[in-house]
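Worksheet for the structure shown next.
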There are 2 protein chains.
Amino acid sequence: MKEYKFALVGATGVVGRIARTVLEEKKLPISEYVFFASSKSAGTEIEFMGKKYIVRELKEDSFDEGFDFAVFSAGGETSKKFSPIAASKGCVVVDNSSAFRMDPEVPLVVPEVNPETIKDNKGIIANPNCSTIQAVVALKPLDDKYKIKRVVYSTYQAVSGAGIHGINDLENGIKNYGTEEKYDLEKFPYPIFNNCLPHIDVFLDNGYTKEEEKMINETRKILNKPDLAVTATTVRVPVFNSHSESINIEFENDFELNDLIENLRNAPGVIIEDDVQNNVYPLAMNANNHDEVFVGRIRRDFSVKSGINLWVVADNTRKGAASNAIQIVEKMIEMDK
Amino acid sequence: MKEYKFALVGATGVVGRIARTVLEEKKLPISEYVFFASSKSAGTEIEFMGKKYIVRELKEDSFDEGFDFAVFSAGGETSKKFSPIAASKGCVVVDNSSAFRMDPEVPLVVPEVNPETIKDNKGIIANPNCSTIQAVVALKPLDDKYKIKRVVYSTYQAVSGAGIHGINDLENGIKNYGTEEKYDLEKFPYPIFNNCLPHIDVFLDNGYTKEEEKMINETRKILNKPDLAVTATTVRVPVFNSHSESINIEFENDFELNDLIENLRNAPGVIIEDDVQNNVYPLAMNANNHDEVFVGRIRRDFSVKSGINLWVVADNTRKGAASNAIQIVEKMIEMDK
């Protein structure tokens, strides 16, 4: 059985840490793991699969020794600089930043949705934005059967998506509750504790945030529907982990609600949690540490001829980031057999 | 100048307390205030406008002494029983429960939106649901000018809307953070701390919650558009006070975005907070203790011919409940001059 050499870039960040956990769980046929980070975190000792590793500093010659696969989760600037170098040395990079996602030469992959695009890669595969990944896992089986006409997204996104400083802002707010003490915000422009911020990533000239633009454009690219009508409002909420989404969908075709639910139930990566009379619906607290996308509150939207409302929840650091990237690597290993 | 006798029913609850504050601020021409509550809270001493009052137990003969106006905020059962009694004794009741809202004989009033319906009352006026009030204050000026065709609501609702036990659930979650101690939930079926609950009020047979149904039906009634296409997903978030709403609106008519914003800016009860390049947008933390509805993130929805997305925030215990009810009383006093 073929074995591979694998690099994790950004190994000490929030997503890097989760990626190590996912790799330990998946036990892929990888014979050698190398962990990279910036000079600041290089030298850190980490334990992985019962062995100790020293995190190495990412340098221009880091990929000279030859890697099969790398997962990058170290921000857009690092990806822009080092992914092409890695690819030029024969490594296939799965990049978790937004740097290459809309590049027409780069496949943007969710393994349950468009695995067939993996083979088109020229050394770089983009991992979509967290909020997009969980949405398209639910949208794809519906689009296949009923042809999606329009999507309206409103998101409830956890602070872990903003990295350790976002997590610290919420944690500091909680710890200061009831005291008069001030605390410095590390990430967000306003307190996220006891507040909702309709502001994720930077604002664009058209009034949308980059996060909203990502959801719109990435949904179109992954579903291979470049003209799909999509709009989005993305919001940070005071939850540590797992994003929730209110998704309103209009279809071209008619549907029977029970058929639609069965269609979703049989879709890869989807778990239906929808028994409202018994208070069963997806919750951030239950999605944590899972790789599936939880779908519930599935009900007909009576305001259009053929439409539904959904409540979709997933672990944004796992399915929305680390797990999806490693599932892409897993898929490439399968395809290589 | 005519002076009035006023009763506050449910004076010791979350909304009752805010109503007392709003009454102290407004200094209406009221010569006598009487505070009622259930037998459990009767006897409580409260301070109001510098005087001490003893809260009285609400009884069937409580309105025999003659009142001009009453605000009821003591739940649907109390309203159903006592509002008709009060009305039969010549008191005009502004009822904050959902008991009479959809009764075709009962006006459902937001003073900025449909004050003309007040005069149709037969002794009971219904105060709309909190999430509806703030939405229609923003929708009305847009409907007048551009004719609303369809609305998609997704809400981010604070725990104060669920009363003191909802507040306690969030507070206990915060205080227990980082400990292993268990705490009993008083109100919600799951922890609201560090979680979003797509479940407000009870579930109906069609999969919607009663809260969602209220938003849909009350929006239609208040805007006097019984066939308006509206859908809603209502969600409780871990915020103590002030509801946020993501509202997607489709219009019959075309619009120019700057005109639309000016139209909203000039609308009664609306404050525009929309300068995203300087991180200005409505926030729950800023809406607290205000009676206005804050509107921002106003941007064209490119997924339809003529549509926008809005982010609308208001203090749910004030504008969404106590203040709106007392503004109705204020309007009646004006009309009585």
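The values are calculated or read from the model by the stated rules, or taken from the named source; none is laboratory data. Note that the structure is a prediction, hence the values are computed from the model and not measured. Note: ideal-geometry Cβ built from the backbone for every residue, glycine included; neighbour counts use all protein chains shown.
Below, the figures for the structure above:
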| item | result |
| --- | --- |
| All positions within the range A:38-66 that are of a type in the set (A, V, I, L, M, F, W, C), part of a loop (DSSP other than H, G, I, E, B) and either at positive phi or out of contact with any helix residue (DSSP H, G or I) (no Cβ under 7 Å at 6 or more places or on another chain) (or both) | A:42, A:49, A:55 |
| Residue match in the range A:116-125 (condition: surrounded by 24 or more Cβ atoms within 10 Å (Cβ to Cβ), touching a His at 6+ places or on another chain (Cβ under 7 Å), under 18 Å from residue A:321 (Cβ atoms) and modelled with pLDDT of 95 or more) | no |
| Residue match in the range B:172-191 (condition: at negative phi, over 14 Å from the mean Cα position of the chain (by Cα) and in a strand (DSSP E or B)) | no |
| Subset of the range B:161-194 (residues that are more than 9 Å from chain A (Cβ to nearest Cβ) and among the acidic types (Asp, Glu)) | B:169, B:180, B:181, B:184, B:186 |
| Candidates B:269, B:166 - the one that is at positive phi, surrounded by 15 or more Cβ atoms within 10 Å (Cβ to Cβ) and not hydroxyl-bearing (Ser, Thr, Tyr) | B:269 |
| Scope the range A:195-250; condition over 15 Å from residue B:279 (Cβ atoms), more than 9 Å from every other protein chain (Cβ to nearest Cβ), out of contact with any strand residue (DSSP E or B) (no Cβ under 7 Å at 6 or more places or on another chain) and not acidic (Asp, Glu); matching residues | A:214, A:217, A:223, A:224, A:225, A:226 |
| Candidate set: the range A:285-297, residues that are buried (at least 24 other Cβ atoms within 10 Å of the Cβ) and out of contact with any Phe, Trp or Tyr (no Cβ under 8 Å at 6 or more places or on another chain); chosen: the one farthest from residue A:137 (Cα to Cα) | A:294 |
| Count of the range B:295-319 residues which are at the interface with chain A (Cβ under 9 Å from one of its Cβ atoms), basic (Lys, Arg) and closer than 16 Å to residue B:150 by Cβ | 1 |
| Residues satisfying the stated conditions in the range A:177-194, i.e. farther than 15 Å from residue B:173 by Cβ and either at pLDDT 95 or above or in contact with a His (Cβ under 9 Å, 6 or more places away or on another chain) (or both) | A:184, A:185, A:186, A:187, A:188, A:189, A:190, A:191, A:192 |
| Residue among B:313, B:237, B:280, B:230 that is under 25 Å from the mean Cα position of the chain (by Cα) and without any contact (Cβ under 8 Å) to a residue 24 or more places away in the chain | B:280 |
| Top-ranked residue in the range B:1-16 [being at pLDDT 95 or above and buried (at least 21 other Cβ atoms within 10 Å of the Cβ); ranked as farthest from residue B:67 (Cα to Cα)] | B:16 |
| Residues located in the range B:86-133, provided they are part of a loop (DSSP other than H, G, I, E, B) and of a type in the set (Ser, Thr, Tyr) | B:97, B:98 |
| Answer from A:71, A:15, A:34 - the residue that is part of a strand (DSSP E or B) and under 19 Å from residue A:324 (Cα atoms) | A:71 |
| All positions within the range A:201-229 that are of a type in the set (A, V, I, L, M) and surrounded by fewer than 24 Cβ atoms within 10 Å (Cβ to Cβ) | A:202, A:204, A:216, A:223, A:228, A:229 |
| Given (1) more than 23 Å from residue A:14 (Cβ to Cβ); (2) among the aliphatic types (A, V, I, L, M); (3) assigned by TED's automatic domain parsing to the domain that holds residue A:309, index of the condition residue A:118 fails | (3) |
| Residues satisfying the stated conditions in the range A:29-72, i.e. closer than 28 Å to residue A:128 by Cβ and aromatic (Phe, Trp, Tyr) | A:33, A:35, A:36, A:48, A:63, A:67, A:69, A:72 |
| Out of B:72, B:35, sole residue that is modelled with pLDDT of 95 or more, closer than 22 Å to residue B:336 by Cβ, touching a strand residue (DSSP E or B) at 6+ places or on another chain (Cβ under 8 Å) and of a type in the set (Phe, Trp, Tyr) | B:72 |
| Contacts under 8 angstrom Cβ, first residue in the range A:322-337 being under 16 Å from residue A:290 (Cβ atoms), partner acidic (Asp, Glu), 6 or more apart | A:323/A:291; A:323/A:315; A:327/A:291 |
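Okay, residues lined up against (1) surrounded by 20 or more Cβ atoms within 10 Å (Cβ to Cβ); (2) outside the structural domain of residue B:97 (by TED's automatic domain parsing); (3) under 23 Å from the mean Cα position of the chain (by Cα):
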residue: B:18; (1), (2), (3): yes, no, yes
residue: B:25; (1), (2), (3): no, no, yes
residue: B:43; (1), (2), (3): no, no, no
residue: B:51; (1), (2), (3): no, no, no
residue: B:65; (1), (2), (3): no, no, no
residue: B:68; (1), (2), (3): yes, no, yes
